[in-house]
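Below is one structure; the comments refer to it alone.
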Amino acid sequence: MLRFRKSDRCRICRDERALRTCSRRKKDIGWRCCNELRIDRRCPSECDYALKEDENSPMPAFRADSVTEFVHAIKLFLDLWISIPQSTLAGKTPAAVAAEDEKRFLEWLAGYQYPLHFPMNYLLNKLGLQKYPEPETDDPEDIARDYLNAVIAMDWQALRQYSINQDTDEDLAQRYTEIIQNIPLLKRTNHHNIIHAGIADDGVTAMVYMEINRRYDWTLIFGKQDEGWRLRHQINGTPKLFYELNKRHGQIAQYLSEGKDAQAWEALQESLSLYPDSADLYYYLGIYWQIVKQLDKAKIAFFDSIALDNDFYAPIFSLGSINLAQEELDEAEYWFAKLYDKNAEDPLVLNNLGAAYAGQGRIDEAKELWQKALKIDPNLEPAKRNLERHK
């Protein structure tokens, strides 16, 4: 069973984090050292991580807590396996058969099914055979590694490409970079290692749990989009905190609705230290600044929220509404037009975009939007008043 220790290192290498107890060595070890031990098939069968024979495959089954661990284990095993005589190869080793009769060996190899992420080209390369073209991988663990490697290289501008944010607005892109660049732990990152990873039952959420600088827990949350996996946000801690986020949102929202400003502020600051690039928390921060009547700070917080999630309706609407109230009409038009692109049947968006047009003297365009809003929601009083005002 996977276990987490804050201070213990692997009792063999003294480098990676100890995650499981080895029944052979009677020591707490990391997954790399576990792999190096278990490939000889001598681990007791009661060990959860012992190799399990599969009569339908020339390879045993491996339990692993991440794709990274699985591939590492398979490669170590293949290094040994190619020199082990196989009964299905007339007692010859895979290396010998591949050297004698490449076609026969490849036909034999093709007679089996292999798990996803099996490093077939690694095996072919070890045997001196021609490798197959490999499709581009789309795996959260690969993205997490690339992301944190860019962090270590301080290539901050490269980070946004891995995120859910693809808007072409240069100001949003720059602000995303600034927020990430100012996360304290990321500024000090010089090493990372995957502890475990997995995809949720919904198939559209994935978590990659890392150790940073051989000490700190860090979790990356990914969302599945049409173009593949994208980073949604990060957690300064273990995956357990992911399941606490909605509860924290609810508590902050309750404080704000009850006018408990001090409690809301304290909860926001604590939560932002744990979820430093959460668009939701920056949105709630904007609401807080609105309640305490510091609208300039509210606008900054809403903009930050949008920078972290370019399609987040609530902060876009809120920022546009403040712009509208302050007669910053070009800005208001920009944000409500952005919402209109994806919410063309939303009567509130239609009404506010119309108000921005009217403030610019574009009355006919405004009326058209208000009339459309009332067709969708005949009881929308703001649209009624706007039409009455501009008869």
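What number of residues in the range 47-71 are within 30 Å of the chain's Cα centre (by Cα) and either on the phi > 0 side of the Ramachandran plot or basic (Lys, Arg) (or both)? Looking only at that region, the number is 1. Here Pro94, Pro140 are screened, and the one residue that is in contact with a Pro (Cβ under 9 Å, 6 or more places away or on another chain) and crowded, with 19+ Cβ neighbours inside 10 Å is Pro94. Taken over the range 257-306, residues that are farther than 26 Å from Gly237 by Cβ and either among the polar types (S, T, N, Q) or outside the structural domain of Ile221 (by TED's automatic domain parsing) (or both) amount to 3. Each residue in the range 151-181 was checked for being over 26 Å from Tyr313 (Cβ atoms) and either free of Cβ contacts under 8 Å to residues at least 12 places away in the same chain or in the same structural domain as Cys33 (by TED's automatic domain parsing) (or both), and 4 pass. Taken together, the criteria exclude Ser66 from residues that are touching a Ser or Thr at 6+ places or on another chain (Cβ under 7 Å), at pLDDT 95 or above and not aliphatic (A, V, I, L, M). Given the criterion over 30 Å from Pro94 (Cβ atoms) and either surrounded by 12 or more Cβ atoms within 10 Å (Cβ to Cβ) or not assigned by TED's automatic domain parsing to the domain that holds Gly237 (or both), identify the matching residue among Asp146, Asp201. Only one candidate qualifies: Asp146.
Are there any helices (runs of 4 or more DSSP H) wholly within the range 135-235 with 3 or more residues that are within 14 Å of the chain's Cα centre (by Cα), and if so which? Steps first, please.
Details: elements: 140-152, 170-181, 184-187.
Counting at least 3 such residues, we get 140-152.
For the residues Arg104, Arg63, Arg145, the requirement of being basic (Lys, Arg), closer than 30 Å to Ile164 by Cβ and in contact with a helix residue (DSSP H, G or I) (Cβ under 9 Å, 6 or more places away or on another chain) singles out Arg145. Taking residues in the range 51-62 that are assigned by TED's automatic domain parsing to the domain that holds Ala73, and partners anywhere that are polar (S, T, N, Q) and part of a strand (DSSP E or B), the pairs with Cβ atoms closer than 7 Å and at least 6 places apart or on different chains are Pro58/Gln86. Those helices (runs of 4 or more DSSP H) of the range 346-391 in which 2 or more residues are free of Cβ contacts under 8 Å to residues at least 40 places away in the same chain and of a type in the set (Gly, Ala, Ser) occupy 347-359, 363-376. When the range 338-361 is filtered for residues that are among the hydrophobic types (A, V, I, L, M, F, W, C) and closer than 14 Å to Ala314 by Cα, the ones remaining, listed by number, are Leu339, Leu348, Val349.
Within the range 33-63, being surrounded by 20 or more Cβ atoms within 10 Å (Cβ to Cβ) and under 24 Å from Asn121 (Cβ atoms) holds for Asn35, Arg38, Ile39, Leu51, Phe62. Within the range 14-24, the set of residues being surrounded by fewer than 19 Cβ atoms within 10 Å (Cβ to Cβ) and under 29 Å from Pro239 (Cα atoms) comprises Arg14, Asp15, Thr21, Ser23.
Against the condition under 23 Å from Arg42 (Cα atoms) and in contact (Cβ under 8 Å) with a residue 60 or more places away in the chain, how does Ser66 come out, does it pass? Step through it out loud before you land on a result.
Numbers: under 23 Å from Arg42 (Cα atoms): yes; in contact (Cβ under 8 Å) with a residue 60 or more places away in the chain: yes.
Taking the combined requirement at face value, the residue satisfies it.
The values are calculated or read from the model by the stated rules, or taken from the named source; none is laboratory data. If you're wondering where the values come from, they're calculated on a predicted model, not measured in any experiment. Here Cβ is always computed from backbone atoms with ideal geometry, including for glycine, and neighbour counts include all displayed protein chains.
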